[in-house]
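Okay, so here's the structure we're looking at.
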Amino acid sequence: MRALNAAAFPVKPMLKFNSCSVRVAALAAVLSACMHGLPAMAQQNQLPFPFMDMSQQNMGAAGQGGAGTNNTGEYPQQGMDANRLQRGGAVGANGGLSGGQANKAGFNAAPPAAMVKPLPERPIGPFQRFVQETTGRLFPLFGEAVLQKTVDLNDLNTPVSSDYEIGAGDELFISIWGAVDVSVTATVDRDGQINIPSVGTFPVAGVKARNLDQHLSNQVGKYFRNFKLSTSLGKLGGVNIYVAGQALAPGMHRVASTSTLASVLFGVAQPGLNGSFRDVQLRRGGETVARFDLYELLRNGQLSGDRKLQSGDVVYVGATGPRVALNVEGPAAAIFELKPGETLQDVLQISGVDQSFLRKDQVLIEGFSAQTNAANPQAPRAVEQLAYARALTEAKLKDGDIVTLFQNRREFSNDVTLKGNVADPARYPYFEGMRIADLIPNNDALIRPDYFKKKGALVGYDKEQADRAVTTDKRLSKTLTKAELQRIEDRLGQDSDKLEATEDSVRNLLPSINWDYAVIERLDRKELKPVLVPFNLRKAMAKDPEHNLALQPGDVVTIFSVEDADIPKTRKTALIKVTGEVSAPGYYQVAPGETLRDVLVKAGGLTENAFVFGTKVTRKSILKQQQEQFQKALDQAERLLLAATNKNAASALNPAEAANVQAQAVQQRAYLDRLRGTKPDGRVVVTVQPDATRIAELPPLVLEDGDTVAVPAVPGQVGIYGSVYTQGAFAYQKGKTVFDYLNLAGGAAKSSDTGSIFVLRANGTVESAQQGWIPFVSGLTGEKALPGDVIYVPEDFERVSFMKGLLDISQIFYQVGLGAAAVNALQK
């Protein structure tokens, strides 16, 4: 390898190369070595490339500052040695890059890849499989979780303590300046000495790292004066050890010179399938000089028996001792190796299981028994049941035993549990004669704690900002239910309403209690089944003997809100939103049975400009029904249009007619898309006379929770849309008829269907031309127009080609009560 000197690779060009260039140079080195007849040497050292051989004889081949590897024998590492490059200065013993040049080349090169060697995969032993088949769980061997699965061959670069003793093969970085100017990387030879060119050869073996500077200064000071010296450690020399016995990876291994018996036990010398975790021996010179117990380290943190390894040491892994399986709940369940004389108490201490949660009445031990059972003399195993205290010290554990310990039951001897819509859900102590009224003495016990938290948040309330804070801050969002979060997110997507904060306060601060129904859940210990005992909460708190039931230990009392069960409408208190032309718009609570008239009276009555005929009541239940019906109608219309399009396309006689069919299909689909954008409003049609001005003239409509009552101002226009010459809103004039307004719009267009004209009234009713009882006379003839009317003139579907497939769709609007929004969708 000495042939690979500076002449083999020009220095200057290499400095311009990047990491790829370094690999090219490496290939050039291989070719150069082949030309000098050196392949045999490479093969002898079992290296993939000759220039990777960093043994002491060939250290100078690539130069002291050149490409370096760790000194791992059979595991070469390609790349630059960063420690050596940072030193700078000296040229390699046999030529190569200078320190400064090497530093530049090193940082241009790719960093060295980690040299990791996987260890053989640990198999599952027969006893582990046996325990798995017996218990249904695969138990690990205690201690195997801390063992490594790979060996890092870069360990020779690991930091060392100040007490580390220099040994053969260690690499030292030495800088001397002053009377002597030397910067060199030296390797301790087998005699424990280093050679500093132009200075001399000095012994360093056995010197501790913290004393190395002083030691070399003293040695060099015998020959020179007026100088300074600095040293640092590079790669460690490493030692060869032998792993034998029941090891996972027996054979020779090269490890760092800092390695100890304990450290290699976690890596190359870990126990195999039948290896002992408690009997690992260090043999040196044919004698056993140390024994190591891994359990002592894991259990007590003791490193007794640990020794530093030397080259040629044998690490012998003994055969495993008796093994028992500890079957408990949780991660402490494992298979343990026993030493002679160890008891179940020792196993529990090693496992770290929390014994305070273990049942103290019994321990089951399954194992191989020498005694035969008369009922089944062929069975090799038997089960023994012992008291816990006795089993800890007296149970004779044997190889193959499975010890089962049970967790304490989560049972209380004197508890009564209160849960649900209450202030403090918890377990409470039972006392003799305890009843419902003792557990819930007053109404304060039913006010949930989040009521006060939400109430406090109302101070300085900024609705939108608070909503966004709740949805973005996970800490705040956790305090709300999914339903509450969904309401907030829906609200953020809508226009803000000045009254929403009030609605949230009333609805969400404190859910209403279900006073009529609460329940006791009780375990029937005779039949071993749960029994539900319902009672009336209001009467129980009033100490009604029929409902103030006696409690028993173990009872669970649940208090419900009205949202937990759909209680009868006659028992619900409704929250109604009133807006528009009333004296005091806002939210009002109405008792069961109260009507539209009652809530308008609570709102202070009507204003002078109130348009009673246009009073609009919307209801959530009606909205849901309308949405379902409207979706079904649209789906049916879409199927009809698709069938008609396919039929027309099949009957097309020429390309022009086929193109016309496709164009009609596009128009029809766009029409349906506009309809899909129409949203039902859930309106309840209120029948009232057009000239009504008093609340008493409204029908006695019973209100439901969530209803909205809107009283509009008197409108001053009549809208005309559809197939007319001038669409728009026209000023209302008392006494004019529907057809008068139609004439103001220029009359119906030629493509209109005058027989299907309809009027959408302000109260939500619809009147059409087809409602007339005289043949051939429109039902709207002479019909007076009213403020807020919307007159719609549809197209003649038979005349307009793209509407021929939509004859029935016009009925969708007033069938599901879409109102004026549908008319707007049609006229777009």
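Contour minus end-to-end for Ala729 and Glu165, with contour as 0.36 nm per residue of separation and end-to-end as the Cα-Cα distance?
Here the segment from Ala729 to Glu165 would lengthen by 192.9 nm.
If each residue of separation counts as 0.36 nm, what is the full-extension length gain between Leu273 and Asp438 once their alpha-carbon separation is subtracted?
53.0 nm
Name the residue from Leu537, Phe611, Leu575 whose Cα lies farthest towards the positive end of the charge dipole of segment 524-620, charges +1 on Cβ of Lys and Arg and -1 on Cβ of Asp and Glu.
Towards the positive end, the residue furthest out is Phe611.
Suppose R0 equals 30 Å. What FRET efficiency, 1/(1 + (r/R0)^6) with r the Cβ-Cβ distance, do Glu296 and Ala145 give to the nearest 0.05?
0.95
Counting Lys and Arg as +1 and Asp and Glu as -1, each charge on the Cβ, what is the dipole of segment 624-767 about the Cα centre in debye, to the nearest 20?
Charge dipole, segment 624-767, about its Cα centre: 320 debye, nearest 20.
I need the peptides 312-323, 330-341 ranked by packing, meaning the mean over residues of other C-beta atoms within 10 angstrom, with the highest value on top.
So the peptides 312-323, 330-341, ranked by packing, come out 312-323, 330-341.
What nm distance separates the two modelled labels at Phe412 and Arg669, each placed 7 Å from Cα along Cα→Cβ?
Taking the simple label geometry, Phe412 and Arg669 are separated by 6.5 nm.
For the residue pair Phe224 and Ala379, what label-to-label distance in nm results when each label sits 7 Å from Cα along the Cα-to-beta-carbon direction?
Placing both labels 7 Å beyond Cα along the Cβ direction yields 8.5 nm.
Tell me the per residue accessible area of segment 117-269 using a 1.4 Å probe; a whole number in Å² is fine.
Accessible surface, normalised per residue, equals 48 Å².
I need the phi-derived Karplus couplings for segment 580-594: 6.51 cos²θ - 1.76 cosθ + 1.60, θ = phi - 60°, integer Hz, Gly and Pro marked x.
x, 7, 10, 5, 9, x, x, 9, 9, 8, 10, 6, x, x, 6
Once both labels are modelled 7 Å past Cα along the beta-carbon direction, what's the Gln631-Asp564 spacing in nm?
So the two model labels end up 3.1 nm from each other.
Which of the listed residues, Pro331, Leu358, Pro377, is farthest toward the dipole's positive end in segment 325-398, when Lys, Arg count +1 and Asp, Glu count -1 at the beta-carbon?
Of the options given, the answer is Pro377.
Set the bar at 31 Å for Cα to Cα. Now go through Lys539/Lys616; Lys679/Lys784; Lys117/Lys308; Lys750/Lys784 and name every pair that lies beyond it.
Lys539/Lys616
Counting only protein heavy atoms and a 1.4 Å probe, tell me what percentage of segment 609-688's accessible area is made up of carbon and sulfur.
That share works out to 55 percent.
Per residue, how many Å² of accessible area does segment 340-407 show with a 1.4 Å probe?
It amounts to 59 Å² per residue over segment 340-407.
Compute the label zone of Val533 within segment 420-443: residues whose backbone N is under 20 Å from the point 7 Å along Cα-to-Cβ.
It comes to 420-421, 426-442, nothing else.
Please work out the ratio of the alpha-carbon Rg of segment 338-449 to 2.2 N^0.38 Å and round it to two decimals.
1.77
Give me the three principal axis extents of segment 139-262 from the C-alpha atoms, as integers in angstrom, largest value leading.
That gives 68, 22, 19 Å along the principal axes, largest extent first.
How much FRET efficiency would the formula 1/(1 + (r/R0)^6) give for Asn743 and Asp691, where r is the Cβ-Cβ distance and R0 is 35 Å, rounded to 0.05?
0.90
Highest mean first, how do 291-299, 665-673 rank when packing is the count of other Cβ atoms within 10 Å averaged over residues?
For the peptides 291-299, 665-673, the packing ranking is 291-299, 665-673.
With only Lys, Arg, Asp and Glu charged, each at its Cβ (+1 for the first two, -1 for the last two), find how big the charge dipole of segment 507-547 is about the Cα centre; round to the nearest 20 debye.
That gives a dipole near 100 debye.
In terms of modelled amide H atoms, which long-range or inter-chain residues lie less than 5 Å from the amide H of Phe730?
Distant-sequence amide H within range of Phe730: Val718, Gly719, Ile720.
Quickly rank 258-270, 417-429, 651-663 as a protection proxy: mean count of other C-beta atoms within 10 Å, highest first.
So the peptides 258-270, 417-429, 651-663, ranked by packing, come out 258-270, 417-429, 651-663.
Between Leu640 and Lys620, what FRET efficiency follows from the Cβ-Cβ distance if R0 is 30 Å, with the result rounded to 0.05?
My answer for the efficiency is 0.45.
Can you give the translational diffusion coefficient of segment 629-701 in µm²/s, computed by Stokes-Einstein from the Kirkwood radius over Cα pairs at 10 °C and 1.306 mPa s?
100 µm²/s
Please report, in debye to the nearest 20, how large the charge dipole of segment 283-422 is about its Cα centre when each Lys and Arg carries +1 at its beta carbon and each Asp and Glu carries -1 there.
120 debye
By accessible area of protein heavy atoms, probe 1.4 Å, what ranking do Met434, Met541, Met252 get, highest first?
Largest accessible area first, the list is Met252, Met541, Met434.
Order the following by accessible area, largest value first: Phe224, Phe277. Probe radius 1.4 Å; ligands, DNA and RNA are ignored.
Phe224, Phe277
Just the number, please: Stokes-Einstein D of segment 206-304 in µm²/s, Kirkwood Rh from C-alpha pairs, 37 °C, 0.692 mPa s.
Rounded, D is 199 µm²/s.
The values are calculated or read from the model by the stated rules, or taken from the named source; none is laboratory data. Remember, it's a predicted structure, so these values are computed and weren't measured experimentally. We place every Cβ from the backbone using ideal geometry, glycine too, and count neighbours over all the protein chains shown. Side chains included, ligands, DNA and RNA excluded: accessible areas come from the protein's heavy atoms. Shrake-Rupley method; radii C 1.70, N 1.55, O 1.52, S 1.80 Å.
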